[in-house]
Amino acid sequence: MKQIINPWIGNTAGYNCFGCNPNNPSGMHMHFYWDGQDVVSVWKASPDHVSWIDTLHGGVQATLLDEICGWVVFYVLQTSGVTAKMEMRYRKAVNTTWPYILLRARLEKQRHTLAVIKGELWSPDGELCAECECTYFVYAGEKAREMGYEPAVLGTEELTMDEVIAHIVEPHNH
């Protein structure tokens, strides 16, 4: 799997995305990878993300899934867009003490300016905890550029899932 390079870091004035800007002090600092089929992200919760004791807030789960689905638009469709509709299904409580959670998203279908993307949130033990179906309104080329879209490309380094997980679980060692 290869990292999807965030094209806005250091290149776009006003870029402060809550989901993916690593310099947003309040943000989620998400990174994204392409495994040949899905956009993938590994993320670690903190005690600031709870709703109930050791339980990840449902709104945080929805934010994580909306963000990864947006990166399907950026990388797979090579454009930008906005969420038009999001349907969530919470299946299992997500524990904030887990070493990480795994997020996956893939394009289900596209018709004209609408793209339907499926997102999933998995436990470290491989249990599906939440899933969504997002419908995005995607912009045509010129409008995407007006909205600040920059092409999303892959890094050159091939990474294993274990390497991606280690980067999140033990970031000081990488």
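Rounded to the nearest 10 degrees, the inclination of helix 58-75 to the longest alpha-carbon principal axis of the chain is 40 degrees.
With both labels modelled 7 Å from their Cα along Cα-to-Cβ, the residue 112 to residue 46 distance reads 4.4 nm.
Ellipticity at 222 nm from helices only: DSSP H runs of n ≥ 4 in the chain, each -39500 (n - 2.57), divided by the residue count, give -5500 deg cm²/dmol.
Once the Cα gyration tensor of the chain is found, what semi-axes does its equivalent ellipsoid get, as square roots of 5 times the eigenvalues, in whole Å, sorted largest first?
Numbers: eigenvalues 121, 72, 49 Å².
Each semi-axis is √(5λ); the values are 25, 19, 16 Å.
Among 28, 161, 115, which residue has its Cα furthest toward the positive end of the charge dipole of the stretch 2-173, with +1 on Lys/Arg Cβ and -1 on Asp/Glu Cβ? Ranked along the dipole, the leading option is 115. Straight-distance candidates among the lysines for linking to residue 85, with alpha-carbon spacing under 24 Å and chain neighbours fewer than 8 residues away dropped: 109, 118, 143. Here the simple spin-label model places points 7 Å from the Cα toward Cβ, and for residue 161 and residue 82 these points are separated by 3.6 nm. Restricting the calculation to Cα atoms, the stretch 1-99 shows an Rg/Rh of 0.96 when the hydrodynamic-style radius is the Kirkwood one.
For the chain, what proportion of DSSP beta bridges, expressed in % and rounded to the nearest 5, is antiparallel? Can you show the working numbers first?
Numbers: 42 of 42 bridges.
Percent antiparallel among DSSP bridges in the chain is about 100.
Simple spin-label estimate for residue 89 and residue 140 gives 3.5 nm between the two label positions (7 Å along the Cα-to-Cβ direction from each Cα).
Can you give the extra length, in nm with one decimal, that the chain gains between residue 154 and residue 133 once fully stretched, where that is 0.36 nm per residue apart less the Cα-Cα distance? Please report the intermediate quantities before stating the final value.
On the way: separation 21, 0.36 × 21 = 7.56 nm, distance 2.49 nm.
Additional length available on full extension: 5.1 nm.
The ranking of 53, 168, 9 from fewest to most other beta carbons within 10 Å of each one's beta carbon is 53, 9, 168.
Where a number appears in this text, it was derived from the coordinates with a stated rule and is not lab data. In this text, all values refer to a predicted model and were calculated from it rather than measured experimentally. Don't worry about glycine lacking a Cβ; one is built from the backbone with ideal geometry, like all the others, and counts go over all protein chains shown.
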